Amino acid sequence: MGCTIVQIDDNFHHEETNPIPLEPSKTVMILAEIARKQIEDFAKAQGFHSVGFAASEEARTYPQFCEWLDLGYAASMGYLEKRRKAYQNPSGVLAGCRTVVLLTLPYQGHCGTNSVIKLGRKRRLGPLSNPTFGSYAAAKVDYHVWIRRKLKPLVRELRTMFPRCMTRAVVDTAPILERHFANQSGLGWIGKNTMLLNRQIGSYFFLCAILTQADIAGNQVPRAKDHCGTCTACLDACPTGAFASPYVLDANRCISYWTIEHRGQIPQAVRPSLGPWIFGCDICQMVCPWNQRINAVIPEEIKPFEVQEKSDCSHWLSLDQDRFDNLYRDTPFWRTGLLSMQRNALIVAANLREPSAFPWIQKFTNHPNQDLVELAHWAIEEYRSGTNQEK
Ligand code: B12
Ligand code: SF4
Ligand code: SF4
């Protein structure tokens with residue numbers, strides 16, 4: 001790995017107990033800088049694009065998060081409300097946490113350049129006529145699994161440097177306002193579409209974090225500047241008007257929410273707005289000028305895999321539970337589940353009136369799940385009536 005491990009005094013996070021008599025704070029700062037450099041080098045060697053360090057403290061945007069919950073913008077994502085208090089401070093996840101280490105991992109995003117239409121200074125997305133899905137899910141493996149594996153040596157590194165400090169890796173699922181801390185650490189700014197954006201890699205990247213009791217954040221990193229300026233492309237292009245205001249997304253109106261997180265039936269009024277999106281949605285990223293000229297190295301293991309198949313409604317409708325398990329156990333589709341994926345595929349097939357999917361839709365009129373039976377009848381009606389707005 002070419003990275004020397006410096007074993008640092010494991011007590012140095014308590015400045016007052018540091019045994020070095022002269023200028024303790026300066027010494028601590030130097031040691032923290034060495035630790036940061038080692039972690040950064042190590043992370044980059046693992047394939048991460050960038051690393052930032054933020055002091056673990058109450059999240060400045062916690063009041064906005066609470067307001068967002070109070071307004072019902074989390075829709076049915078009860079896990080957010082359940083852990084509301086823990087989001088306040090990373091110590092809600094790791095007691096005594098002093099530093100949040102943030103890391104970015106780029107993936108291959110929908111480029112969008114072919115479909116973005118410029119209307120004067122505005123950017124819109126042209127109609128998408130083929131089924132598609134959120135590009136973060138295109139890899140062969142679930143990014144949670146991949147990232148956790150890549151974080152392990154980093155966590156080990158930190159534990160070697162600070163043996164008495166607890167250290168924990170978190171990927172997506174812990175109650176941490178990841179984008180806020182990433183912004184604090186200088187990794188990027190929060191765009192009007194609520195995505196964290198980085199000048200070099202746009203917004204097509206995963207975020208993950210390591211929480212540690214070691215005090216290594218330093219205080220020299222300025223919060224990343226906002227580079228959205230007067231642009232409103234994402235707000236204008238969202239087909240469902242999901243942005244209650246810039247920087248605030250109402251999940252009740254977001255395709256990504258309906259196709260990935262929502263369980264059970266999708267109301268009839270919502271179905272046409274899914275358009276071609278079988279799983280997730282990238283529109284508010286596709287139109288973003290910062291995503292048009294990205295220069296990111298995508299690690300081999302998370303490059304797009306069998307995209308054609310995953311974009312095909314018939315593929316999803318033809319799967320039985322065993323095949324779904326075999327193909328998708330370690331992918332983001334797994335958490336959504338076969339029935340919800342088939343629900344989405346029925347809706348998208350009807351929205352686009354996909355000829356090849358029609359025989360499969362007919363088979364679903366005899367499915368044991370009543371929601372899917374109802375959807376199949378609705379879809380057949382959509383094909384027949386030809387009144388679909390998306391067409
Ligand atoms: C719940 C969730 C969702 C929900 C809600 C999304 C949302 N915008 O809140 C749904 C299902 C809709 C969703 C969709 C997607 N998600 Co998601 N999601 C999350 C999750 C688990 C929690 C986010 C959360 O807490 N939301 C609540 C809001 C209030 O918090 P926030 O988004 O951090 O917003 C902050 C700012 O808006 C700021 N703020 C509020 N008001 C104001 C006002 C101003 C002026 C400013 C400057 C800031 C500001 O304060 C907020 C709190 O810090 C995170 C992982 C995590 N632990 O953070 C992933 C995460 C945000 N998702 C991610 C991804 C990739 C997606 C999708 C692209 C997937 C897809 N292709 O469909 C879409 C993108 C949709 C979008 N535009 O956000 C990535 C984003 C990476 C990045 N570059 O930002 C994350 C970080 C997962 C990860 N670890 O990589 N997601
Ligand atoms: S993910 Fe799609 S539906 Fe959700 S806010 Fe972005 S553009 Fe709108
Ligand atoms: S599309 Fe424009 S406003 Fe939206 S996030 Fe990108 S730069 Fe910001």
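We did not get these values from a lab; they are worked out from the coordinates using the rules stated. This is a predicted model, so every value here is computed, not measured. Note that we place each Cβ from the backbone using ideal geometry, even for glycine, and neighbour counts take in every protein chain shown.
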Where Rh denotes the Kirkwood radius from the mean inverse Cα pair distance, what is Rg over Rh for segment 313-391? 0.99
Near the amide H of G280, under 5 Å away, which other amide H atoms are found, from residues 5 or more places off or on another chain, if H is placed in the peptide plane? G134, T259, I260
Pairwise label distance in nanometres, T173 with R353, each label 7 Å out on the Cα-Cβ vector: 4.3
Positive end of the charge dipole of segment 15-311 (Lys, Arg +1 and Asp, Glu -1 on Cβ, about the Cα centre): tell me which of N295, L128, G280 has its Cα farthest that way. L128
Could you identify which residue out of V287, V348, V248 has the top mean-square fluctuation in a GNM of the chain using Cα springs shorter than 10 Å? V248
Mind pulling the angle between the C-alpha long axis of helix 143-161 and the longest principal axis of the chain? Nearest 10 degrees, somewhere in 0 to 90. 0
Explain nothing, just the number: dipole magnitude of the chain about its Cα centre with +1 on each Lys and Arg Cβ and -1 on each Asp and Glu Cβ, in debye rounded to the nearest 20. 620
I'd like the distance between the alpha-carbon centres of segment 288-349 and segment 33-107, rounded to an integer number of Å. 26
On a C-alpha basis, how far is the centre of segment 213-275 from the centre of segment 365-386 in Å? Whole number, if you could? 30
